[in-house]
Amino acid sequence: MRKASNREYAVAVRDLKKYYKLRTNFVDKILIKEQKYIKAVDDISLAITERKTFGLVGESGCGKSTLGRCVLRLEPLTGGNITIFEQNIYSLEEKELRRFRKRVQMVFQNPYSTLPPHKTIGKMLKEVVDYHKVVKEKEAKDYCLLLLEQVGLDGRFSESRPKALSGGQRQRAAIARALSTEPRLIVLDEPVTALDISIQAQILNLLMRLQEEKGLTYLFIAHDLSVIRHVSDIIGVMYLGKIVELLPAKALGKDSVHPYTKSLMSSSHMLGELFKSEKIRLTGEVPSAIDPPVGCKFHTRCPYSFDRCKKEEPRLNPVEEGHFASCFLCN
Amino acid sequence: MDVLVIKDLSTHFVENKGKVVAVDNVDLMVKETQTVGIVGESGSGKSTVANSILGILPETGEITSGMIRFKGEELRGFSERQMQQRIRGKQISMIFQDPMVSLNPLFTVGTQIVDVMKLHQNLGVRKAKTKAIALFKKVGISDPDKRFYNYPHELSGGMIQRVVIAMAMSCQPSLIIADEPTTALDVTIENQILNEFEKLVTEMRVSVLWIAHDLGVIRRISDYVYVMYAGTILERGKVEAVFRNPLHPYTQGLLRSNPIYHEPKSQIPTITGELSKMPPHGCCFYPRCKIGDEKCLDNNIKLIKVEEDHCVCCRKIEVRENCYEYE
């Protein structure tokens, strides 16, 4: 993959590694067994263009949430680096870190646990605004009402506690909180997964509109391929800590090449029908992240695997302009 | 004979704020070897229908009217003991949504399935174990003889759901009620499980009542579908008829809300607002409906047949001879 220069991209992730040490039990310690790791993110490089959406898709355990947390500087890295708006985020000093926290915001999945239950929505927003000194103190209250308006919440919700709000309304409040610091980048981790489909569509519409109006950059993480396809400009498909395919969203469907991407498409009932995707039946369970398979991590479930796949790990190689896949069949 | 016939079922919950009608005069039917799907969003009452059938409503819930006929017998007349001994797990089994809380964490999965079989089929432990391992294999559990001795926490969500399906099938029930069983699973695992489930259902000639909010799953697994909203059936019919030609504005809105039908990055045309206060009478969907008018608030909006095996509950649809149009 060609090396991205810092100035071209809002976010540049290089050779990122995030490993979690497994606790060794007493017997293993005595026997001096090798330290085991969960390689949640295993050597990933990607870049996000400003004002665009990078969609990160994969099933549970693939490491996409961990990657999101690294971009938010919430996890110490095992290797590699992350540059956001031309700054290496892991070497920021205190003042710069505060500014970073203003510029990079987050929206998480569960609207029922990400809002402080004892605070009213208005109070929650005002606290963030005051802490980051986004506006002058006397303007704060009006600013918060404006935020609520922008996310489609009536001003009266300012006096409500999360308990009084529905899932969709809480997610809107979470988005208002993310917007309150006037960020440039928002990391969204499964923001619509817990919502009914009609509410999901409302929230996606809101997020797309806000992106357009405010020139926001999104790292959008989800397991639902139809959602990812709709909101993204570039899509990264993850499996067991690796990116197996990286492609422009338009290419998903007819041009996707990796067997895992194709199986995600055909498993996603309506999406598979729409694109008349090749029906790929996967066998077996997702392997353990502690003892991932040797060679290609996907070979144990891949219907096309052959000898080489069991011994050698394929690299992310170009398939076409802007389209990369790690599969021996594609090169 | 029809396996399950429900007529005029109404269930309400008593809460601090008063009475909440969760199921409002619902008619439903499941024929032999048929898979019936109930699709609806949260608050539609679909899970309450399932819980009403099995008599497992929480303390605050109560069936206020209606008839639930299972293989000719009125279930509402059964005592708790009769339900436990004759119905639950034996003739009607249930599969719930969250695999992580479906099983007792203190016992191996083998113990749990053998318990069910001992209870309902009077089998000895050894026979039950053999049968259980054979069932595990049928639902796609690899190394079934080893998995038999695993505890639930040692298994993935997909594996647990397979165990639960095996348990549900173990006493050869006439009806399986599945309440969002694959919602919490990854899509590739869900796909595998649906394949295995469909094969078993055909082989064992079981009827299924499958409840979900995912239209794709419902379309795939059901023969017949009911669309529920705020406790009411708004549309029902053969699954292909309803999906190819959705009649009710709600069904249409629901299908349209799926991003796959739209150009990426475009605004998705969706149903405005949220499920909230019901109008005191008339159509429950009226507050969010784009084609409704004041007449929709009149009482007595009934299900009308529009085509073969396809009915809708909307007064805006006029049926004339062999065609229909929206008023």
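The values are calculated or read from the model by the stated rules, or taken from the named source; none is laboratory data. For clarity, every value in this text was computed on a predicted model and none was experimentally measured. Cβ sites come from the backbone with ideal geometry, for glycine too, and all protein chains shown count toward neighbours.
Tabulated data for the structure shown
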{"quantity": "Test: residue in the range A:307-328 that is among the basic types (Lys, Arg) and either crowded, with 19+ Cβ neighbours inside 10 Å or within 14 Å of chain B (Cβ to nearest Cβ) (or both)", "calculated": "no"}
{"quantity": "Verdict on A:Leu179 being within 11 Å of chain B (Cβ to nearest Cβ) and either more than 18 Å from A:Leu274 (Cβ to Cβ) or aliphatic (A, V, I, L, M) (or both)", "calculated": "no"}
{"quantity": "Residue that is closer than 30 Å to A:Met270 by Cβ and either surrounded by fewer than 21 Cβ atoms within 10 Å (Cβ to Cβ) or in contact (Cβ under 8 Å) with a residue 40 or more places away in the chain (or both), where the choices are A:Gln171, A:Gln150, A:Gln200", "calculated": "A:Gln171"}
{"quantity": "Of all residues in the range A:228-259 being crowded, with 21+ Cβ neighbours inside 10 Å and within 10 Å of chain B (Cβ to nearest Cβ), the one that is farthest from the chain's Cα centre (by Cα)", "calculated": "A:Leu252"}
{"quantity": "Conditions (1) over 24 Å from B:Gln34 (Cα atoms); (2) assigned to a helix (DSSP H, G or I); (3) modelled with pLDDT of 90 or more; (4) within 14 Å of chain A (Cβ to nearest Cβ): number failed by B:Asn150", "calculated": "(2)"}
{"quantity": "Test for A:Thr49: is it surrounded by fewer than 16 Cβ atoms within 10 Å (Cβ to Cβ) and closer than 27 Å to A:Ala251 by Cα", "calculated": "yes"}
{"quantity": "Pick from the range A:180-196, criterion among the aliphatic types (A, V, I, L, M) and part of a loop (DSSP other than H, G, I, E, B), ranking: surrounded by the most Cβ atoms within 10 Å (Cβ to Cβ)", "calculated": "A:Val192"}
{"quantity": "Tally, over the range A:182-199, of residues that are modelled with pLDDT of 95 or more and within 10 Å of chain B (Cβ to nearest Cβ)", "calculated": "0"}
{"quantity": "B:Asn104 over 29 Å from A:Pro259 (Cα atoms) and touching a Pro at 6+ places or on another chain (Cβ under 9 Å)", "calculated": "yes"}
{"quantity": "Pair list, Cβ under 8 Å, 6 or more apart: the range A:260-273 residue at the interface with chain B (Cβ under 9 Å from one of its Cβ atoms) and touching a residue at least 60 places away in the same chain (Cβ under 8 Å), other residue part of a helix (DSSP H, G or I) and not aromatic (Phe, Trp, Tyr)", "calculated": "A:Leu264/A:Leu225; A:Leu264/B:Val187; A:Leu264/B:Thr188"}
{"quantity": "Selected residue [in contact (Cβ under 8 Å) with a residue 60 or more places away in the chain and either of a type in the set (Phe, Trp, Tyr) or over 23 Å from A:Leu67 (Cβ atoms) (or both)] from A:Asp255, A:Asp307", "calculated": "A:Asp255"}
{"quantity": "Condition met for B:Glu203 (within 30 Å of A:Lys262 (Cβ to Cβ) and within 18 Å of the chain's Cα centre (by Cα))", "calculated": "no"}
{"quantity": "Condition met for B:Tyr250 (assigned to a strand (DSSP E or B), more than 8 Å from every other protein chain (Cβ to nearest Cβ) and on the phi < 0 side of the Ramachandran plot)", "calculated": "no"}
{"quantity": "Options B:Lys17, B:Lys46: the member that is buried (at least 22 other Cβ atoms within 10 Å of the Cβ) and within 14 Å of chain A (Cβ to nearest Cβ)", "calculated": "B:Lys46"}
{"quantity": "Helices (runs of 4 or more DSSP H) completely within the range A:1-115 that count 1 or more residues being farther than 30 Å from A:Pro259 by Cβ", "calculated": "A:26-30, A:94-103"}
{"quantity": "Candidates A:Val107, A:Val128 - the one that is within 26 Å of the chain's Cα centre (by Cα) and either under 22 Å from A:Ser65 (Cβ atoms) or modelled with pLDDT under 90 (or both)", "calculated": "A:Val107"}
{"quantity": "Number of the exception - A:Ser166 against (1) without any contact (Cβ under 8 Å) to a residue 40 or more places away in the chain; (2) crowded, with 20+ Cβ neighbours inside 10 Å; (3) within 13 Å of chain B (Cβ to nearest Cβ)", "calculated": "(2)"}
{"quantity": "Any hit, the range B:218-235, residues being away from chain A (no Cβ under 14 Å) and touching a Ser or Thr at 6+ places or on another chain (Cβ under 6 Å)", "calculated": "yes"}
{"quantity": "Top-ranked residue in the range A:274-292 [being farther than 30 Å from A:Leu22 by Cα and facing chain B (nearest Cβ under 8 Å); ranked as surrounded by the most Cβ atoms within 10 Å (Cβ to Cβ)]", "calculated": "A:Leu274"}
{"quantity": "Residue in the range B:253-268 that is within 13 Å of another protein chain (Cβ to nearest Cβ), among the hydroxyl-bearing types (Ser, Thr, Tyr) and under 30 Å from B:Glu32 (Cα atoms) present", "calculated": "no"}
{"quantity": "Hits in the range B:269-313 (condition: surrounded by fewer than 16 Cβ atoms within 10 Å (Cβ to Cβ), at pLDDT 85 or above and within 12 Å of chain A (Cβ to nearest Cβ))", "calculated": "B:Pro269, B:Thr272, B:Gly273"}
{"quantity": "Test for A:Tyr260: is it modelled with pLDDT of 80 or more, over 29 Å from A:Gly68 (Cα atoms) and of a type outside the set (A, V, I, L, M, F, W, C)", "calculated": "no"}
{"quantity": "Odd one out for A:Ile221, checked against (1) touching a Lys or Arg at 6+ places or on another chain (Cβ under 6 Å); (2) surrounded by fewer than 23 Cβ atoms within 10 Å (Cβ to Cβ)", "calculated": "(2)"}
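Residue-wise test of (1) touching a His at 6+ places or on another chain (Cβ under 9 Å); (2) more than 30 Å from B:Ser42 (Cα to Cα); (3) touching a residue at least 24 places away in the same chain (Cβ under 8 Å).
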| position | (1), (2), (3) |
| --- | --- |
| B:Pro58 | no, no, yes |
| B:Met94 | no, no, yes |
| B:Met117 | no, yes, yes |
| B:Lys127 | no, yes, no |
| B:Ser170 | yes, yes, yes |
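Residue by residue, here is whether (1) assigned to a strand (DSSP E or B); (2) facing chain A (nearest Cβ under 9 Å); (3) surrounded by fewer than 20 Cβ atoms within 10 Å (Cβ to Cβ) holds:
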residue	(1), (2), (3)
B:Ala184	no, no, yes
B:Asn191	no, yes, no
B:Asn195	no, yes, yes
B:Trp210	yes, no, no
B:Phe243	no, no, yes
